[in-house]
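What follows is calculated from the coordinates using simple rules that are stated; it is not laboratory data. This one's a predicted model, so the numbers in the text were calculated from it and none came from an experiment. Neighbour counts run over all protein chains shown; Cβ positions are idealised from the backbone, glycine included.
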Amino acid sequence: MEPKPTVFNSLTREKEQITLSSDRSFLSWYICGPTVYDAAHVGHARNYVSFDIVRRLLVDYFGIPVLYQMNITDVDDKIIQKSFDSGESFTNIARRFEADFFDDLEALHCLPPDVVTRVTEYIPEITAYVRKLMERGYAYEAASGSVYFDVEAFERSGRHRFGKLRPAAAAAATSVETRPHAGANGVDPPSLEQLSVQEEKRNPRDAALWKASKSAMEPGWESNGLARGRPGWHIECAVMASLVSCAGTTHLDIHTGGIDLEFPHHDNEIAEAEAYFETDLWSRYFLHSGHLNIEGLKMSKSLKNFITIREVLRRWNWRQLRVLFLMHHYQTTMNYSEESMTHAAAVERTIQEFMRSTEAELRAHLPEERHRKPTKVDLELLYQVLPATEATVRAHLSDNFNTQDALQDLLTLIRTVNLHRHETPGGVGYATLHHIRSSVGRILSCFGLDYDVKDDVASQGGAALASVEPWIQGAVRLRDQIREVVLSADANTDANALKESILAVCDEFRDAVLPPLGVRLEDRTYPKPAIWKYDDPAAIQADIEQRRQAEAARAAEKEARRREAEQRLLKELEQGRTHPSQMFLDPSLYSQWREDGIPTHDAEGRELEKSRVKRLLKEQQRQERLHRKFLEAQASGLLSKLGMEP
């Protein structure tokens, strides 16, 4: 019997099997969305891509339907402050950064939410929710008009427990209002307003449900008899999740977010929703993604290591970033660095090369080759290696979505198949390779790494496959350039120069014309023909850019070596300018010499020791070699080329 998916539930601190509720045929899932006041960063990417992978696995791999709700916090202290500073309305700021956020999710190839709920669109529902909590004795209004959740009343009821996710943190809390962010310590320091808020609370743990406006300049709403104001942080998610994901019941199935939201945000959400519904279980499962560090440090603008999603995708492609997240369990703290991304890019290249090259190989098979008698290798791969891999992959993915070990199993399978493809006589049969590629592709698709390249190119390259016009234009351009090179040649044109010009045109066709059409062309050693593959245009361009950078680095290194060698040569030639017989004629050092210029006596007239004369003779012999080299350079004109005087 195939293993069922289990998940580490932050509520129970245990692994539990994921099951459907008895009252619905799908999993209702609520994920905390962004506060849209700034560009989304790579930490956001870690959270949303990781849970996109979990969502895909539940739906596509385990066959469990999911309805996925995401909130957008579009009114908040930071948004309001940005509005005050810039003069732009808070609504425009929120909508602009929300649009950027969803563009980023699309660029990361995350599935869109099934439902998006914005705080400002649920103000009446939020105020009604707050009024009901007040009526039940779980909330109170302060003199300022703000309304707070009453933690002590909640605990006194005998039916509820505050701080289910982080009991120790909840018991020791002195503030439950600060939001996590990319600051030096991970949270915002308390403002003067927050300090004054603490003074009007009955208990420091009481969270604001409704924040009365301090001035008419602040965004605010008047509803259900509450003072003009706006919602508190935790109640926003509690209400929107209750009204949508609970789907007419008193509970939802899955609630997710970053580990930094566990307390105070999620603990307060739970308390407020359980008080509203008078239940002791509002969300059946809580899942939290781990922290992401930058080069081993917490991401912070003050440390200048704050990296936006768009900055990441300018350097690396979306598949490489997704592979990085697949290589780490979604719950663990992980490190984003040049080294980790280089490793992830290499892993993704292995996967991509397997999918692209096997596609090309299968396409190249002649019809009569497709149903050959299976070899021993074919049968071993089909009946032993592949089933064993599929079983271990399922076991890993069933164990709290252990993608890193599942990915390693796939890589081992790919290496095994590649070994037989390239080194076993006869390679791997068409049917065997097709079956294995399909299996690997299905699993990769469940990871969000879809290598169904025709759909990929159509989505990335626009009309690349929908119209032949770009292909015709590319072919005509190639023909025109080759004609120009050939027709401009004459009897004096060097054959090698002509060859290089034609090859340069061919390279431009490969690197500039084909990539936007979603075609990767790979040269092979002559006379083997080139191989072409469909691919994501952005991925092809990124690889070309990486290749150019590597070539530029090699060229720079070669130039540095050339300059270093030139400097050594200049030094040797300058040293060789002196005739060997003139080396030791300094009267301050020596007083008598042999005919060949070797000194025999020092400046005081003392005869030199034989050992010293021997050393001087060796120096002269070395100078003879240098002088010959100088004379040869002088005769050949090399001195002039190097800028030396003859």
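For the chain, the longest principal axis of the alpha carbon atoms and the long axis of helix 338-364 meet at an angle near 90°.
For the residue pairs LYS4/LYS376; LYS132/LYS164; LYS15/LYS211; LYS558/LYS641; LYS164/LYS304; LYS82/LYS164, the C-alpha atoms sit more than 27 angstrom apart in LYS4/LYS376; LYS15/LYS211; LYS164/LYS304; LYS82/LYS164. The loop-placed trypsin sites (Lys or Arg not before Pro) in the range 585-624, going by DSSP, that have at most 13 neighbouring Cβ atoms within 10 Å of their Cβ come out as ARG594, ARG606.
So, how do all the Cα-to-Cα distances of the chain break down into 10 Å bins, in percent, from 0 on up? With 10 Å bins starting at 0, P(r) equals 3, 12, 18, 17, 13, 11, 9, 7, 5, 3, 1, 0.
Give me the one-decimal nm value for the distance between modelled label points at GLU545 and ARG479, 7 Å along each residue's Cα-to-Cβ direction. Modelled inter-label distance: 3.3 nm. Applying the Karplus relation 6.51 cos²θ - 1.76 cosθ + 1.60 with θ = phi - 60° to the range 101-107 yields 3J(HN,Hα) values of 4, 5, 4, 5, 4, 5, 5 Hz, where x marks Gly and Pro.
Free of any GluC sites (Glu not before Pro) that DSSP assigns to a loop and that have at most 11 other C-beta atoms within 10 Å, the longest stretch within the chain is 1-594. With the largest listed first and rounded to whole Å, the semi-axes of the equivalent ellipsoid of the range 577-641 from the Cα gyration tensor are 29, 12, 7.
Note that the range 314-455, at 25 °C in a medium of 0.890 mPa s, gets a Stokes-Einstein diffusion coefficient of 152 µm²/s from its Kirkwood radius over C-alpha pairs. Positive-end ranking of ILE531, ALA475, CYS506 along the dipole of the range 462-547, with charges on Cβ about the Cα centre, is headed by ILE531.
Computed from the Cβ-Cβ distance with R0 of 25 Å, the FRET efficiency linking ARG372 to ILE531 stands at 0.70.
With 22 Å as the limit, the listed pairs LYS571/LYS618; LYS499/LYS533; LYS201/LYS298 have LYS499/LYS533; LYS201/LYS298 beyond it between alpha carbons. Applying 0.36 nm per residue to the separation of LEU20 and ALA39 and subtracting their alpha-carbon distance, the gain on full extension is 3.2 nm.
Loop-located trypsin sites (Lys or Arg not before Pro) in the range 472-578 (DSSP state not H, G, I, E or B) with no more than 14 neighbouring Cβ atoms inside 10 Å: ARG524.
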